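Participant: What follows is a structure written as structure tokens; I'll ask about it next.
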Amino acid sequence: MAWVQTARPQLVSVSAEVACTPSRPPDGFWAHPEAGVRLSAYGAVAVREGASLHAVLSSLEMPPALPRHLPGPWLGAAAFDDGLGPDWAGFSPLRFTLPALLAWSEGGRHHLTAFGDRAQERLDSARAKLDVPHAPPPRASVRIRRRRGERERWNALVVRALQAISSRTLDKVVLARAIDVESDAPIDPQAPLHALEARYPSCRAFLVRGSGGVFLGATPEILCGIEGRRVEADALAGSASPEHAADLPASGKDLREHRWVVDHITDALRGVADHVHWPREPGIRALANVVHLHTPVVARLAPGRGIADVAAALHPTPAVGGVPVGAALRFLSEYEGLDRGLYAGVVGWVGEQRAELAIALRSALVRGRHARIFVGAGIVEGSSPDAEWEETELKARALLDALGARS
């Protein structure tokens, strides 16, 4: 069964329930396997770009009478900071797209929604090709490319951060590093993406396609989820290996790191929402390769406030930047020496009075035969270079395993 909505040309939409979704590689992707949600985006009939997250999200116009459970229809990402360096050529620092075709699944049912002047034609064409299989390339051998002096540079950076913390310039700063891998043949992004979905069903798997590459990952951390006036946010900071999960709630270092994230989220939400609630003691969020301290925060949007207000108030959180936020960002700009790009930025979808936006963690930039994995660790008083290095190695296993990389 299909239904048609008419409006301005780019907002025309046609939808239908189908037996399956396309197998060809998408331009944008989002999945939350635990919730049974999955969407793939193809092409674009409208694009919003700019320098302000608030301005771009405020400009997203919604086609009328969209299917009730549609995730989106706008998909996009925003960089960690204001711009992208040369490593991210072909990507936009802030871009949300209304796709030409959106294939989505919810609760075990599959749907197609087409947008634009030729929406019906596009939908009919997509339905006719649903049974055409996409043959993935053969899995190639992938190996880690270790860089000389990498460990020494990390140790020096952590020591510098600890000196800033000791002098009270900073309370916390989140340092990131990159791990490069190389394959014998072009890497098929679908393979690691499906592997991440299967192994981390509680995470949000995502893909953003740029010119000449893709950015993909499976993040455990939601920036905000909005449904009507209900707002949810995750405080996720403080990490340990699964075998040391029982020690995490008693770790003073990790509890301090976690508390700063909770304080940032709750203070930010008080500016745009009412009735902000959260448990006073953090719980444990267990993933296949790492466990985190976790505090869910729930609030109600204040009158006159919307999705753009929430996202702009929360990003960047101390989970990816530091405390105080301004001082931490200046430290990273001056000393980290890493082109973060979309890593630790915002990724997700926005719909009519609903959205799910995540922090782009546990992720990789894939170009041809090469991939760059990004991982980070929060540095606070009591941190050590060796322990934080091991934490980043632990977090990297998610992408390294998904890519099939070996040392």
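Participant: Going residue by residue through segment 10-28, is there one that turns out to be at pLDDT below 95 and part of a helix (DSSP H, G or I)?
Facilitator: Yes, that holds for at least one residue.
Participant: Residues 87, 81: which one is open to solvent by 50 Å² or more (accessible area, probe 1.4 Å) and assigned to a loop (DSSP other than H, G, I, E, B)?
Facilitator: 81
Participant: Does residue 281 fit the bill of being in contact with a Cys (Cβ under 8 Å, 6 or more places away or on another chain), modelled with pLDDT of 90 or more and acidic (Asp, Glu)?
Facilitator: So residue 281 does not fit the description; no.
Participant: Inside segment 249-304, can you point out the residues that are open to solvent by less than 50 Å² (accessible area, probe 1.4 Å), without any contact (Cβ under 8 Å) to a residue 40 or more places away in the chain and either over 15 Å from residue 233 (Cα atoms) or in contact with a helix residue (DSSP H, G or I) (Cβ under 8 Å, 6 or more places away or on another chain) (or both)?
Facilitator: The answer is 251, 254, 276, 302.
Participant: In this structure, does residue 246 turn out to be closer than 22 Å to residue 377 by Cα and either crowded, with 16+ Cβ neighbours inside 10 Å or in contact with a His (Cβ under 7 Å, 6 or more places away or on another chain) (or both)?
Facilitator: no
Participant: Is there any pair with a first residue in segment 52-66 that is over 15 Å from residue 345 (Cβ atoms) and a second that is in a loop (DSSP other than H, G, I, E, B) and modelled with pLDDT of 95 or more whose Cβ atoms are under 6 Å apart and which are 6 or more apart or on different chains, and what are they?
Facilitator: Close Cβ pairs satisfying both conditions: none exist.
Participant: Counting only residues that are closer than 27 Å to residue 274 by Cβ, of a type outside the set (Asp, Glu) and assigned to a strand (DSSP E or B), how many does segment 194-234 have? Full working, then the answer.
Facilitator: Just the residues of segment 194-234 that are closer than 27 Å to residue 274 by Cβ, to begin with: 204, 221-234.
Within this subset, residues satisfying the condition of being of a type outside the set (Asp, Glu) are 204, 222-226, 228-231, 233.
Those left that are additionally assigned to a strand (DSSP E or B): 204, 222-226, 230-231, 233.
Qualifying residue count for the region: 9.
Participant: Working carefully through the options 116, 107, find the one that is at pLDDT below 90, open to solvent by less than 40 Å² (accessible area, probe 1.4 Å) and either within 24 Å of residue 15 (Cβ to Cβ) or not small (Gly, Ala, Ser) (or both). Talk me through it step by step, then tell me what you get.
Facilitator: Working: 107 fails: open to solvent by less than 40 Å² (accessible area, probe 1.4 Å).
Result of the check over 116, 107: 116.
Participant: May I pose another question? What about residue 377, is it open to solvent by less than 10 Å² (accessible area, probe 1.4 Å) and closer than 24 Å to residue 39 by Cα? Explain how you work it out, then say what you get.
Facilitator: Values: open to solvent by less than 10 Å² (accessible area, probe 1.4 Å): yes; closer than 24 Å to residue 39 by Cα: no.
No: the conditions fail for residue 377.
Participant: Across segment 23-78, what is the number of residues that are touching a Cys at 6+ places or on another chain (Cβ under 9 Å) and open to solvent by 40 Å² or more (accessible area, probe 1.4 Å)?
Facilitator: 2
The values are calculated or read from the model by the stated rules, or taken from the named source; none is laboratory data. Given the structure is predicted, the values throughout are model-derived calculations rather than measurements. We place every Cβ from the backbone using ideal geometry, glycine too, and count neighbours over all the protein chains shown. Accessible surface areas use protein heavy atoms only, side chains included; no ligands, DNA or RNA. Shrake-Rupley method; radii C 1.70, N 1.55, O 1.52, S 1.80 Å.
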